[in-house]
Amino acid sequence: MFIAIIRTVVLYTFVMLAIRLMGKRQISEMQPSELVVTMVISNIASLPMQNTSQPMLSGMVPVLVLVALEITASVLMMKSRSFRRLMCGSPVVIIEDGKLLQSQMKRLRLTIDDLSAQLRQQEIFSLADVQYCIMETNGALSVLEQPQKRVPNAEESGVKMEDNKLETVVVSDGKLVEEALPLCKGSREQVENILSKNNVSLEKVFLMTLDGSGAYHILQREG
């Protein structure tokens, strides 16, 4: 039993490192090749976990090969549009200038119910409100609403918006988040000075945010 636990921990860590090498993506954002590799890796790694008589290398070597193939394919897709089109396909226009293209719907085997459901998830409840709708290679919908349905931005409305800069979490549960400081152009010294000015020690801070303009918010631990 102890050996099985150790093997599971080792393989879990190894698979996590392999997935990290492939890059950060959510399942819904994966290209077909990435999704297939992820599923195959999980299946291959599970075999040595279940069968302790099987060498761990029999699961680790195929995973390394798959990751290497995926990284190679990613590099080739960056350098060659034709190879990327072969591996991932091309975006498909479903609605063009307000007209629903039924031929493209049939090509994608996409029903009107599926299309309506995805539009509703983007808070669009009428096909008449859509000027352009494109099915991306990862299955997501990109939608451009009709001009009269679009929300005007500050520039179009003639409103001058205040630039509040990027706000990031710089202290989390009593610990300084070093990697977040460059995002808000902050520093350890700045955080320490703010805490000192408010008579709060780092250990007593549950959450602290800071933005590029120097504005901050501190939430202390309860009790």
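The values are calculated or read from the model by the stated rules, or taken from the named source; none is laboratory data. Bear in mind the structure is a predicted one, so any value in this text is a computation, not a measurement. In this analysis, Cβ positions are derived from the backbone assuming ideal geometry, glycine residues included, and neighbour counts consider all displayed protein chains.
General observations
- Taking first residues from the range 120-143 that are more than 19 Å from residue 109 (Cβ to Cβ) and partners that are part of a strand (DSSP E or B) and among the polar types (S, T, N, Q), the Cβ contacts under 9 Å between residues at least 6 apart in sequence or on separate chains come to 132/142; 143/131.
- Evaluation of residue 84 against (1) over 30 Å from residue 127 (Cβ atoms); (2) at pLDDT 85 or above (one fails), failing number: (2)
- Residue within the range 151-162 that is surrounded by 14 or more Cβ atoms within 10 Å (Cβ to Cβ), more than 22 Å from the chain's Cα centre (by Cα) and not acidic (Asp, Glu) present: no
- Some residue of the range 55-77 being closer than 27 Å to residue 132 by Cα, assigned by TED's automatic domain parsing to the domain that holds residue 15 and either modelled with pLDDT under 90 or in a strand (DSSP E or B) (or both): yes
- Selection from the range 52-93 of residues that are free of Cβ contacts under 8 Å to residues at least 24 places away in the same chain, surrounded by 13 or more Cβ atoms within 10 Å (Cβ to Cβ), farther than 17 Å from residue 35 by Cβ and not polar (S, T, N, Q): 62, 76, 83
- The strands (runs of 3 or more DSSP E) located wholly in the range 138-223 that include 2 or more residues which are among the polar types (S, T, N, Q) and on the phi < 0 side of the Ramachandran plot occupy 167-172.
- Consider the range 99-118 and keep the residues that are loosely packed, with under 13 Cβ neighbours inside 10 Å and small (Gly, Ala, Ser). The one that is nearest to the chain's Cα centre (by Cα) is 117.
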